[in-house]
Amino acid sequence: MSFPVLHAHDYYVQRGGEDASFEAERRLLEDRGHRLATYVRHNTEIEESAVVRTPLPATLIWSSRAHRELRALLARERPAVAHFQNTFPLISPSAYDACRAEGVPVVQSLRNYRLICPSAILFRDGRVCEDCVGLRVPWPGVAHACYRQSRAQSAAVAAMLAVHNARRTWHDRVDLYVALTQFARRKLVEGGLPAGRIAVKPNFVVDPGGPSPVPERGAILYVGRLSPEKGVEDLMRAAARLHAVERVRIAGDGPDRPRLEAMGRAAFLGALRAEEVIEEMRRATVVVVPSRWYETFGRVVVEAFACGRPVVVARHGALAELVEEGRTGFGFAPGSADELAAALERAFADGVRMGPEARRAYEERYRPELNYRMMMGIYRLALERAGKRVPDSLRAFAPADPARSPFDWVRDA
C-alpha cells in the first residue's frame with residue numbers, strides 16, 4: 001500500500017483551472033493506491049454566512065476553524081505529508097501550524113501569485129503590475145484597491161500577507177512549494193519566497209486518445225474565463241482583421257461576456273464540461289491563449305497539445321515557456337491584435353504540420369505517468385527536509401531538485 005496523503009483545497013465560487021488541477025492530482029494518487037484524506041472548503045460559504053462580501057480580516061490571517069478541524073483530521077489519519085492547493089480565504093495559513101503541531105510536513109502548490117500580490121494575478125488597469133513584488137507590506141495593492149476593487153477588502157488581504165511575512169510563515173512553516181513553471185518560480189523568488197524551497201512541477205492532463213487530423217480551415221478556439229486579464233478582446237479584434245470572427249468559438253463565462261458578445265458574431269458556448277472542451281478542440285485548427293497577465297501555467301495549452309492542436313499564445317509569463325515557436329505554436333506581443341492576427345495566419349498555414357509536434361510535446365512532458373514521478377520526488381524531498389522517515393514505497397523515486405528543470409531531474413533519476 002502506498003503512503004497516505006492529506007490533500008486540502010479551498011474551492012472558488014466560479015470553477016476554474018485550480019479546482020480542476022486539484023481534482024486531477026487527487027485522482028492520480030487514488031489510481032496509484034494512495035490512501036487520501038481530504039479537507040476542502042468552498043467559497044460559497046462566504047455568501048451563505050452573515051459576512052456577505054468577504055471574510056473578516058482575522059479569519060484571513062488565522063482561521064481557528066480550519067486549524068481545529070485540520071488538527072483533528074491529521075491526528076486521525078496520520079498522513080505522511082499534507083499537500084495544500086488554494087488556502088485563500090477560508091483555510092488560511094493557520095493550516096500550516098496545524099500540520100506543524102501534528103508533525104506532518106507541508107507541501108504548498110502555488111497556482112497564482114497570492115503570496116506576493118493582493119490580487120493574485122500581477123495585473124492592474126489593463127497591464128501587468130509588479131508594484132507589490134518584494135514588499136513585506138503590499139501597500140500599493142491597498143491604494144489601488146486591487147482585490148475586488150475595494151480598499152477595505154484589499155487591506156484585509158494585505159494585512160494577511162504582512163502578518164505572515166512578519167511571522168516568517170512562508171519561510172518556516174512550509175517545507176516545499178510547487179511552482180508550475182520556471183517563470184512562475186523566478187517571479188515568486190523575486191517576491192521573497194525562498195528559492196531553495198520552490199520546486200517546479202507542471203500540470204498534466206489525462207490522455208484524450210489519439211488526435212484527429214488538424215482541419216485546414218477549422219475553428220479558432222478560446223477556452224477560459226471571460227475577464228479583462230484574459231485578453232479575449234485582443235482575439236476578437238485580431239479575428240476581425242482577418243474577417244474570421246464567425247470562426248471564433250469561445251468556451252467559458254465571466255464578467256466580460258456581454259461586452260465581448262457586442263464585438264462580433266463569435267460563438268459563445270458558455271462553460272463546458274471537460275469532455276465537451278476536448279470535442280471543441282478536435283474541431284479547431286488552432287487554440288488561442290491571449291492572456292495579458294502572467295499566467296502561472298496554461299492548462300488549456302496542454303489540453304490542446306494532447307489533442308494534437310497548435311496553440312497561439314501571448315509571448316510572456318509561463319505561456320512563452322510552454323509553446324515552442326514554429327514547432328507547437330506561435331507567440332505574439334501581449335495586447336497586440338495585429339501580431340495576434342499574423343500569428344493566427346501562420347497557424348492556419350502550418351497547423352497541419354504542427355499538430356503531430358504538439359502531440360509529441362504532450363507525450364514527452366505532460367502525461368500523468370511522468371507527473372506522478374515528479375510528485376513523488378516532491379513528496380520525498382519534503383519529507384527529507386522535515387527530517388521524517390521516507391516510506392519504502394517512496395524510495396524508488398529520486399527527490400525533487402529545486403535548482404533544475406523537473407524534466408531533467410526526472411529523466412536523470
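A few remarks follow.
- Counted as qualifying within region 277-339 are no strands (runs of 3 or more DSSP E), as none has 1 or more residues that are not assigned by TED's automatic domain parsing to the domain that holds A349.
- Flag if A143 is without any contact (Cβ under 8 Å) to a residue 12 or more places away in the chain and surrounded by fewer than 23 Cβ atoms within 10 Å (Cβ to Cβ): yes
- Those residues of region 61-100 which are farther than 20 Å from R111 by Cβ, buried (at least 21 other Cβ atoms within 10 Å of the Cβ) and in contact with a Lys or Arg (Cβ under 7 Å, 6 or more places away or on another chain), in sequence order: A98
- Of the residues making up region 378-413, those that are within 22 Å of V189 (Cβ to Cβ) and either of a type in the set (V, I, T) or in a loop (DSSP other than H, G, I, E, B) (or both) are I378, A386, P399, A400, D401, P402, A403, R404, S405, V410.
- Which numbered condition H171 fails, given (1) touching a Pro at 6+ places or on another chain (Cβ under 6 Å); (2) more than 17 Å from F348 (Cα to Cα); (3) in contact (Cβ under 8 Å) with a residue 40 or more places away in the chain: (3)
- Per-region count, region 82-108, residues without any contact (Cβ under 8 Å) to a residue 40 or more places away in the chain and either in contact with a Leu (Cβ under 6 Å, 6 or more places away or on another chain) or closer than 20 Å to Y11 by Cα (or both): 3
- Lone unmet requirement of (1) modelled with pLDDT under 95; (2) surrounded by fewer than 23 Cβ atoms within 10 Å (Cβ to Cβ); (3) in contact with a Lys or Arg (Cβ under 8 Å, 6 or more places away or on another chain) for A120: (1)
- Filtering G254, G224, G270 for residues that are at positive phi and crowded, with 18+ Cβ neighbours inside 10 Å leaves a single hit, G224.
- Test: residue in region 367-376 that is modelled with pLDDT of 95 or more and either assigned to a loop (DSSP other than H, G, I, E, B) or more than 17 Å from L28 (Cβ to Cβ) (or both): yes
- Residue within region 109-123 that is in contact (Cβ under 8 Å) with a residue 40 or more places away in the chain, more than 15 Å from L188 (Cβ to Cβ) and not in a loop (DSSP other than H, G, I, E, B) present: yes
- Candidate set from region 193-217 (those that are loosely packed, with under 13 Cβ neighbours inside 10 Å and at pLDDT below 95); member that is nearest to the chain's Cα centre (by Cα): G209
- Per the listing V104, V133, the residue uniquely surrounded by fewer than 18 Cβ atoms within 10 Å (Cβ to Cβ), in contact with a helix residue (DSSP H, G or I) (Cβ under 8 Å, 6 or more places away or on another chain) and not in a helix (DSSP H, G or I) is V133.
- A single entry from A349, A361 fulfils the requirement of being over 24 Å from the mean Cα position of the chain (by Cα), under 30 Å from R292 (Cβ atoms) and either outside any loop (DSSP other than H, G, I, E, B) or among the aromatic types (F, W, Y) (or both): A349.
The values are calculated or read from the model by the stated rules, or taken from the named source; none is laboratory data. If you're wondering where the values come from, they're calculated on a predicted model, not measured in any experiment. Cβ coordinates were reconstructed from backbone atoms using ideal geometry, including for glycine residues, and neighbour counts include every protein chain displayed.
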